[in-house]
Amino acid sequence: MPIRFAVLGAGRIGKVHAKAVSGDPDATLVAVADAMPQAADLLAALWGAEVRSVDEILAADDIDAVVICTPTDTHADLIERFARAGKAIFCEKPVDLSVDRVRACLAVVEAESGILMVGFNRRFDPHFQAVRAQIDAGAIGTVEMVTITSRDPGAPPASYILSSGGIFKDMAIHDFDMARFLLGEEPVWVSASAASLVDPAIGELGDYDSASVILTTTSGRQCVISNSRRATYGYDQRIEVLGTKGMIAAENQRPVSIEIADERGFTRPPLHDFFMTRYTQAYAAEIAGFIAAIRDGTQPRPSGRDGLFALMIAEAALRSVKERRAVNVAEILPCQ
């Protein structure tokens, strides 16, 4: 019997996940909930689902799992409610913007023996997974340095900046998770530099649009991350891993992989325009992984703790910028 899903939140990412759920033969989309009735109606109609309230979904016997795509400040409360209701939970990152709140939420999930997966979709990208597979196979020896380039084609509006948590908790957090995925050791030290170079309004709101981060593990392995809210040439997503025996890289992807040679030289089509098209396969694969975990009765990855660790690195990066020093991740502890 297919796993029966509800999607909470019918916005941009909710649409992506509703498509992934509906396209999986082992899942069926039963219901959609959203604070905006028209958005819920449109998404439900697209995939043949019902529109229900969050409370109705909580009490429903015909729903096994939920995908939480609501605003960030609702995530932790919804996770706790659905964990207590016995539903499997997939939640978009982050669980919350506060380390304290995330730890409290995860304690509830653990107490309820709940299933929780956090949406770091890039782990499921086939190109990045191939890099990890080659590392595991020993193709480049022992990992020494990782380089991650992640640049958006343009800056979001100020209204988004106000609620996003900032560049480190909203954008770079994906790269912090990818660094953990590739380094093979936990980052211990975080050194970051950031500025507002793209849009002065972002700086006026207390955020940044350009950042560089160096993560260092106990053994000295390093990850260098480059983030920008402006890449005029498209959605820039690259990784490179240097090891004792060699190097492996995943290049930018394009909607079509062709090359044209003429009197102008060699040219290729433009990059993907943003994450919805660049990571289509990753979104489908992460939902498939979540479904497999539900069926097997196992805890999926990335887990709630993976989400917590990435948030702690993000908090350390922000502190590093503000205090102009390297920050030990162990400093980012909840208030006692």
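Read the figures in this text as sums done on the coordinates, not as results from a lab. Keep in mind that what you see is a predicted model, and the values were worked out from it rather than measured. We place every Cβ from the backbone using ideal geometry, glycine too, and count neighbours over all the protein chains shown.
Some observations on this one:
- As a calculated quantity, the FRET efficiency between Arg305 and Glu259 at R0 = 41 Å, using C-beta atoms, amounts to about 0.45.
- A Förster radius of 22 Å, combined with the Cβ-Cβ distance separating Asp100 from Glu204, puts the computed FRET efficiency at roughly 0.20.
- Fraction in percent of alpha-carbon pairs per bin - 10 Å, the chain: 6, 24, 33, 26, 10, 1, 0
- Were the residues from Phe274 through Asp26 laid out at 0.36 nm apart, the gain over their Cα-Cα distance would be 86.5 nm.
- Note on Thr298 and Arg84: the extension gain reaches 75.3 nm, defined as 0.36 nm multiplied by sequence separation minus the Cα-Cα distance.
- Mean separation of Cα pairs under 8 Å and 6 or more residues apart, divided by the residue count, gives segment 235-336 a relative contact order of 15 percent.
- Most positive-pole-ward Cα, Ser210, Thr244, Ala288, against dipole of segment 198-302 from beta carbon charges: Thr244
- Net lengthening on full extension, Arg324/Ala133 (0.36 nm per residue, minus Cα-Cα): 65.1 nm
- Computed from the Cα positions only, the extents of segment 219-261 along the three principal axes stand at 42, 27, 16 Å, in decreasing order.
- Listed residues Leu97, His17, Phe124: farthest to the positive end of the dipole of the chain (Cβ charges): Phe124
- The calculated FRET efficiency for Ser159 paired with Lys245, based on their beta-carbon distance and R0 = 35 Å, is about 0.15.
- Helices assigned as whole DSSP H runs in the chain whose Cα atoms extend at least 27 Å along their own long axis and whose mean Kyte-Doolittle hydropathy is -0.5 or higher are found at 304-323.
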